[in-house]
Amino acid sequence: MSHTQPASAFNQELLKVPGFLFVDHVAVAVRQGELDKTVEAYQLLGFREIHREEVLGGDQVREALMQNGEGPNLIQLIEPLNETSPVQKFIEKNGGRGGLTHLAFRVRNAQAAYDYMKQVGFNLIDKAPRRGSRGTTVFFVHPKSRNENPFGFLIEVVEDPSQH
């Protein structure tokens, strides 16, 4: 006789963990002045632009969110607004080229995910969850967050209050 929990009980336990639900978006940096042409290139692949916004504060970017089909996974094209933008610094470190900047994962509750990740030792870049684009709440996780097995890329954690 097996002493394992039924699958439904296991799934209920997983719901208590403030983990990732799905990939919210893949962020791609584009050089200043190239956002519109990059949007056009994605449109040739069947993507449609569903949101555009200037994100100020510490981000200093213009973003366009691209969607293909009806799925929740998006491509976020981000263009630096000025030389102080972290995206501009990424482009400079990348030899003047754009490219993949981070992966973003959706969570139900950004504060719960933040508290859990901090408690278990992740290196969180933001001091607390903060406002992101499209009315979301976000925070970033350092690429070298786990010394024994770093991710190797920047992670953004996203809560979309419109999905509650």
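The values are calculated or read from the model by the stated rules, or taken from the named source; none is laboratory data. These numbers come from a predicted model, not from an experiment. Neighbour counts run over all protein chains shown; Cβ positions are idealised from the backbone, glycine included. Ligands, DNA and RNA are excluded from the accessible area calculation, which covers all protein heavy atoms including side chains. Shrake-Rupley method; radii C 1.70, N 1.55, O 1.52, S 1.80 Å.
Per-structure values
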{"quantity": "Linear extension gain, Glu53 paired with Arg97, 0.36 nm per residue minus alpha-carbon span", "calculated": "13.6 nm"}
{"quantity": "Gained length - Arg146 relative to Asn68, 0.36 nm times residue gap less alpha-carbon distance", "calculated": "24.8 nm"}
{"quantity": "Percent accessible area from carbon and sulfur atoms, the chain, protein chains only, probe 1.4 Å", "calculated": "55"}
{"quantity": "Accessible-area order (highest first, 1.4 angstrom probe) of the listed residues Phe122, Phe20, Phe153", "calculated": "Phe20, Phe153, Phe122"}
{"quantity": "Asp126/Leu44 FRET efficiency (R0 41 Å; Cβ-Cβ; nearest 0.05)", "calculated": "0.70"}
{"quantity": "Mean ellipticity per residue at 222 nm, deg cm²/dmol - from DSSP H runs of n ≥ 4 across the chain, formula -39500 (n - 2.57)", "calculated": "-6500 deg cm²/dmol"}
{"quantity": "Rounded to 10°, Cα long-axis angle of helix 35-44 versus longest principal axis of the chain", "calculated": "70"}
{"quantity": "Probe 1.4 Å, accessible area per residue of the chain, Å²", "calculated": "59"}
{"quantity": "The chain - Rg and Dmax from Cα coordinates, angstrom", "calculated": "17.6, 65"}
